[in-house]
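The values are calculated or read from the model by the stated rules, or taken from the named source; none is laboratory data. What you are looking at is a predicted structure, and each value in this text was computed from that prediction instead of being measured. So basically every Cβ, Gly included, is an ideal-geometry build from the backbone, and we count neighbours across all protein chains shown. These area figures cover heavy atoms from the full protein model, side chains too; ligands, DNA and RNA do not enter into them. Shrake-Rupley method; radii C 1.70, N 1.55, O 1.52, S 1.80 Å.
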Amino acid sequence: MNTYHINKGIGRTVEFKGLKAQYLFIFAGGLLGLLVLVMILYMAGVNTYMCLAIGGLTSSTLIWQTFSLNRKYGEHGLMKLGAKKKHPQYIISRKSIFRYIDINSKKATA
């Protein structure tokens with residue numbers, strides 16, 4: 001029987017077959033969702049071969065996309081990508097320059 005090592009040490013991220021961190025959860029959640037979808041299609045009366053084809057194509061696409069995201073962005077890449085989208089491109093300061101000058105001149109005269 002095969003033995004799969006999931007965690008390789010204390011303080012390290014979870015890794016399974018090369019998938020790290022959040023990609024592992026995306027992979028597992030996606031496959032679970034596809035299983036439920038195929039079950040609903042089968043119970044709705046869709047042809048068995050059509051259900052198998054839809055399940056096979058969507059699961060292979062999910063596997064391919066998950067591993068490509070893992071390879072492209074790495075362990076913390078999706079979090080960095082999300083943070084970069086929320087970060088403002090530039091900061092607008094609406095105070096005039098003279099307001100800063102007046103504050104400094106009042107301290108000098110007092």
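Against the test of being at negative phi, in contact with a helix residue (DSSP H, G or I) (Cβ under 9 Å, 6 or more places away or on another chain), at pLDDT 80 or above and aliphatic (A, V, I, L, M), the options Met50, Met79, Met43 yield a single qualifying residue, Met50. Of all residue pairs spaced 6 or more apart or on separate chains, those with beta-carbon atoms under 6 Å, a first member in region 23-49 that is within 30 Å of Thr13 (Cβ to Cβ) and a second member that is among the hydrophobic types (A, V, I, L, M, F, W, C) and open to solvent by 60 Å² or more (accessible area, probe 1.4 Å) are Leu24/Phe16. List every residue pair whose Cβ atoms lie under 8 Å apart, where the two residues are 6 or more positions apart in sequence or sit on different chains, the first residue falls within region 78-95 and is under 23 Å from Leu19 (Cα atoms), and the second residue, located anywhere, is hydrophobic (A, V, I, L, M, F, W, C). Short answer, once both residue conditions are applied: Leu78/Leu69.
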